[in-house]
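Asker: What follows is a structure written as structure tokens; I'll ask about it next.
Every number here is computed from the coordinates shown, using simple stated rules; none is lab data. What you are looking at is a predicted structure, and each value in this text was computed from that prediction instead of being measured. When we count neighbours, we look across all protein chains shown, and the Cβ atoms used for this are built from the backbone with ideal geometry, even at glycine.
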Amino acid sequence: MDENPGLSEQYRMASPWPLFVALGLPIAEIGILFDIPALSIGGLILFCGSVAGMVQEAGYARTPWRALAACAVLLFALGGLFFYADAQFGAEGIRFVARGWAIVVAGGVLLFGSVVGSLLVDEPEPV
Amino acid sequence: MAVKIFDRETILDLTVNIIPLFIIGFFLGLFLLYQAWGWDTLPSVLMIGLHVVPLVTLALLTYLSGKAIAGSEKTGDVFHQGQALVPGASEKEHGGAEAEPAIAEAGDEDEDEESGTEETRAAE
Amino acid sequence: MELNGQLALTVLMGLFLVAVAAWLARVENWRSYTPLGSGGGGYGQESGYVSQEKPSGFIRWLTTVDHKDIGMLYGAFGVTAFLVGGAMVMLMRAELTVPEMTLISNQFYNSLMTSHGITMLFLFGTPIIAAFSNYFIPLVIGADDMAFPRINAIAFWLLPPAALLIWAGFFPVPDVIPAQTSWTMYTPLSAGVGQGNQANAGVDLMLLGLHLSGISATMGAINFIVTIFTERAEEVTWANLDIFSWTILTQSGLILFSFPLLGSALLMLLADRNLGTTFFAVDGGGPMLWQHLFWFFGHPEVYILVLPPMGLVSYILPRFSGRRLFGFKFVVYSTLAIGVLSFGVWAHHMFATGMDPRLRASFMAVSMAIAIPSAVKTFNWITTMWNGSIRLTAPMLFCIGFVSNFIVGGVTGVFLASIPVDLVLHDTYYVVGHFHYIVMGAIAFAGFAGLYYWYPIYTGRMYQRSLAKWHFWLWMIGSNVTFFAMILLGYGGMPRRYATYLPQFTDLHQVASIGAFIMTLGALIFLWNFVVSWYEGPVVRDGDPWDLKEDSLYTTEWEWFDRKLKTAVADGGEALPGGEESDAAEN
């Protein structure tokens, strides 16, 4: 009922983030599955960065930095799972560790971005 | 909510789901009474479960949806499908007594404003 | 060499990320907007035109979170996928005109068959339903938009990558071949073990694509459940909720319970293939585990696909019968019943696997029970038309075609639910004929009924009615010729999924192929009509192109359309010269 005056006028009708959330996820999945670090890291950064940007845009947070840090923590946990899997069930020819490292590196980049962002950027405008 | 929700009308509407319930119940009874393949704990318990779980969930959902639908029928105006927001749409017979479109009754301010513009437009 | 490749990829990825960041910075500075938290703002001013807030041109479609735009995107995607899946099956039908392998190799036939199934179910069926539900449900229930507009956009944008991954094997990528597992992906074949070629990366990519489409469907489902529960206008009580929204609500519930299961099963399969797990290995969880997991998703999936089309037909068919839907609440309750029972019938796809007879009988009992709600709907549709003043417009014809084909598809299905019959007909063309009557004869027909019925709303123009009728009749005849021939082939014992066959089946296979070519002709007519009318069709200037007001069957989305037309004229825009007045209902 958007012709009516009301709430709808305040909704943003466009957002650049969803496209990149949806692009980051498959890139990251392919990267992790086929053990291609460039794709894992890039895809995860794209995915988590877009999620953080969207969280900020939607008004759930004032800045994206905390969301980035939260994503980084989750990625560390996921990477840790891969290390655990290697320690427990490591089999010949299956590179759990390399995949885990890719995820951890992506988390590290995000954490770095989060710290730098919250220290150096003080305007509440988007990145 | 003094109105009785599960009256004759509602029960009649619900018969449509009572029939599959009956079919499942019938087969459950049949398989319990006549056990063509004997009793073994695992498969027989699974067999009962495969009947009972759908039976119970369907009965529950039918009850809840019947309560939601019949309940809002009793308390508000009832329109034909897709017409609740059409200005001047006629109501179903056994709905509320008033013939006035429900939009005008909406409570808060912006709804009033909305219905106002709608009515002026409809009057054009 | 290997290292160079990795390096190049890293550089490319880095450049891509920088480009994305730069673009985002530009886009974000483009517009001023009110963040959600700040409140106040432009309340009460009647600017009306939402598109003023959107960026223009191509960027608009990439960044939109408006439910109507997303509905259009879903529709465009669904129709495209339908054409791709149709082209695939036409190659197969051409091959099947002769018993031997001639036109395409057996491997390529298997690849096409796999992709045809997955494309039609996941890339056409679900998206085309989402097209209608995204566009119309917020309008019909009086919501401003979907509850989570951005999640809505994410759900759509996951689909194009999903499609590219599913079709990846067909692209000229070295060392990647298309999956040949059929859409059911039964292990051990799909686990890539043994001597076959299914350990190929193409299968992994297909599984990933399917996983993505599952994520997309789940996000959409959550969105619809929340929207229908919380965003309804006050007048739209549970008793006033229209039938299409009811079916979408039920469908979303089914998706919520079944698609995450498919996603998990797919990840398990991927882990089996790549990470050395043994979920579906013979000495692990066993290959049967896959079938149970798959069909516990797969049977609800059937209803995920068929319930909303049933809702569409229940919504559109009364409009051209000049009467209300007979037994509206019967249809609602039976929709809910189908939703629940669909989770209790999965092993009727597995009657021939040698499971315990007690379990088999239980699944048969519930499968029989689920036939009742479907049959109830059929009777409701027929009774709605009975003695009505029927207007045979194109959407109505497609609705009637739906009912007719659904009866054939449904009755053949009831026979299959019976164990003794199923054991004879299992894995024959009878099954293929049965479910094609449902997915093509019913689901696709309802989809096209919707596309024609709402054509004036989303294009502002009217299609060419005689061409639409040609489309219908070619499809009605074509689908019955093709799929009835399949049922007969099944009685004759022709097994499914084969590229070659014994000479005794030649005649019926040729009949089926002729029917398929008739349908192709219909599809080409549709495409021509759809595109040309979009640019050149007569402009619709009235919010009631189907004359629904005469029978007081006018509904909210047309009311919205009417207001949009009037606002547009008042603003001085969109009054396109040259188009003639349309009087759609005169036929």
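Asker: As a footprinting exposure proxy, order A:TYR60, C:TYR453, C:TYR498 by other Cβ within 10 Å, with the fewest listed first. Don't jump to the answer; show the numbers that get you there.
Answerer: Details: A:TYR60 11, C:TYR453 23, C:TYR498 15.
Going from sparsest to densest Cβ surroundings: A:TYR60, C:TYR498, C:TYR453.
Asker: Got a sec to turn the phi values of region A:20-27 into Karplus ³J(HN,Hα) couplings, 6.51 cos²θ - 1.76 cosθ + 1.60 with θ = phi - 60°, whole Hz, x for Gly and Pro?
Answerer: So the J values, rounded to whole Hz, are 7, 4, 6, 8, x, 4, x, 4.
Asker: Only helical DSSP H runs with n ≥ 4 go in: add -39500 (n - 2.57) per run for chain C, normalise by residue count and round the 222 nm mean residue ellipticity to 500 deg cm²/dmol.
Answerer: Details: 20 runs with 373 residues, N = 587.
Estimated from H runs of four or more residues: -21500 deg cm²/dmol.
Asker: Tell me, what ³J(HN,Hα) does each residue in region A:29-36 have, in order and in whole Hz, if you take phi through Karplus 6.51 cos²θ - 1.76 cosθ + 1.60 with θ = phi - 60° and put x for Gly and Pro?
Answerer: Couplings: 4, 4, x, 5, 5, 8, 6, 10 Hz.
Asker: Measuring from the lowest to the highest alpha carbon on each principal axis, how far does chain C reach, largest first, in angstroms?
Answerer: 69, 69, 45
Asker: Then there is this: Calculate for chain A the 222 nm mean residue ellipticity that helices alone would give, adding -39,500 (n - 2.57) per DSSP H run of length 4 or more and normalising by residue count, nearest 500 deg cm²/dmol.
Answerer: Values: 4 runs with 89 residues, N = 127.
It lands at -24500 deg cm²/dmol.
Asker: Show the residues, 5+ positions off or on another chain, whose built amide H is closer than 5 Å to the amide H of A:ALA14.
Answerer: So A:ALA14 has HN proximity to C:VAL65.
Asker: Also, quick follow-up: For region A:16-120, state the semi-axes of the equivalent ellipsoid (square roots of 5 times the eigenvalues of the alpha-carbon gyration tensor), sorted largest first and rounded to whole angstrom.
Answerer: Working: eigenvalues 143, 43, 19 Å².
In descending order, the three semi-axes are 27, 15, 10 Å.
Asker: Charges only on Cβ, +1 for Lys and Arg, -1 for Asp and Glu: so what's the dipole of the protein assembly as shown about the Cα centre, in debye to the nearest 20? The partial results should precede the final answer.
Answerer: Numbers: 38 positive and 70 negative charges, 543 e Å.
The calculated dipole for the protein assembly as shown is roughly 2600 debye.
Asker: Separate question: Give me C:LEU527, C:LEU269 ranked fewest to most by other Cβ atoms within 10 Å of their Cβ, as a rough exposure proxy.
Answerer: Details: C:LEU527 14, C:LEU269 27.
By the 10 Å Cβ count, ascending, the order reads C:LEU527, C:LEU269.
Asker: Suppose every K and R has +1 on its Cβ and every D and E has -1 on its Cβ; what is the size of the dipole of region A:16-120 about the Cα centre, in Debye to the nearest 20?
Answerer: Working: 4 positive and 5 negative charges, 57 e Å.
In total the dipole reaches around 280 debye.
Asker: Figure the gain on full extension for C:THR10 and C:ASP507 (residue separation times 0.36 nm, minus the Cα-Cα span) and round it to one decimal in nm. Walk me through the intermediate numbers first.
Answerer: On the way: separation 497, 0.36 × 497 = 178.92 nm, distance 5.63 nm.
Net length gain for the segment: 173.3 nm.
Asker: May I ask which of B:LYS4/C:LYS68; B:LYS4/C:LYS564; C:LYS377/C:LYS469; B:LYS67/C:LYS377 have a Cα-Cα span longer than 31 Å here? Display every interim value, and only then the final one.
Answerer: Details: B:LYS4/C:LYS68 41 Å; B:LYS4/C:LYS564 42 Å; C:LYS377/C:LYS469 25 Å; B:LYS67/C:LYS377 21 Å.
Where the Cα-Cα span goes over 31 Å, the pairs concerned are B:LYS4/C:LYS68; B:LYS4/C:LYS564.
Asker: For B:PHE79, enumerate residues with amide H under 5 Å from its amide H, sequence gap 5+ or separate chain, H modeled in the peptide plane.
Answerer: B:LYS92
Asker: If neighbour count is taken as other Cβ atoms inside 10 Å, put A:LEU19, C:LEU336, A:LEU111 in order from fewest to most. Show your work: numbers first, answer last.
Answerer: Values: A:LEU19 20, C:LEU336 25, A:LEU111 17.
In increasing order of surrounding Cβ atoms, one gets A:LEU111, A:LEU19, C:LEU336.
Asker: Modelled label-to-label distance, C:VAL424 and C:TYR535, 7 Å Cα→beta-carbon offset: nm?
Answerer: Result: 5.5 nm between the two label points.
Asker: Additional query: Between C:TRP23 and C:LEU521, 0.36 nm times their residue separation minus their Cα-Cα distance comes to what? Walk me through the numbers before you get to the answer.
Answerer: Values: separation 498, 0.36 × 498 = 179.28 nm, distance 4.35 nm.
Between C:TRP23 and C:LEU521, full extension yields an extra 174.9 nm.
Asker: Also: State the answer as a single residue: which of C:MET368, C:HIS436, C:LEU159 lies farthest towards the positive end of the charge dipole of chain C, with beta carbon charges of +1 for Lys and Arg and -1 for Asp and Glu, about the Cα centre.
Answerer: Checking the options against the dipole of chain C, the answer is C:MET368.
Asker: Please give the charge dipole size of chain C, origin at the Cα centre, charges +1 on K and R Cβ atoms and -1 on D and E Cβ atoms. Round to the nearest 20 debye.
Answerer: That gives a dipole near 620 debye.
Asker: Once amide H atoms are placed 1.01 Å from N in the peptide plane, what residues at a sequence separation of 5 or more from C:THR428, or on another chain, have their amide H within under 5 Å of its amide H?
Answerer: C:ARG496
Asker: Using the Karplus curve 6.51 cos²θ - 1.76 cosθ + 1.60 with θ = phi - 60°, what ³J(HN,Hα) values do you get for each residue of region A:51-61, in whole Hz, with x for Gly and Pro?
Answerer: 4, 4, x, 6, 4, 5, 5, 6, x, 7, 8
Asker: Right, something else. For the protein assembly as shown, compute Rh as the Kirkwood radius over C-alpha pairs and then the Stokes-Einstein diffusion coefficient at 4 °C and 1.567 mPa s; write the answer in µm²/s, rounded to an integer. Show your work: numbers first, answer last.
Answerer: Working: Rh = 28.6 Å.
So the translational diffusion coefficient is about 45 µm²/s.
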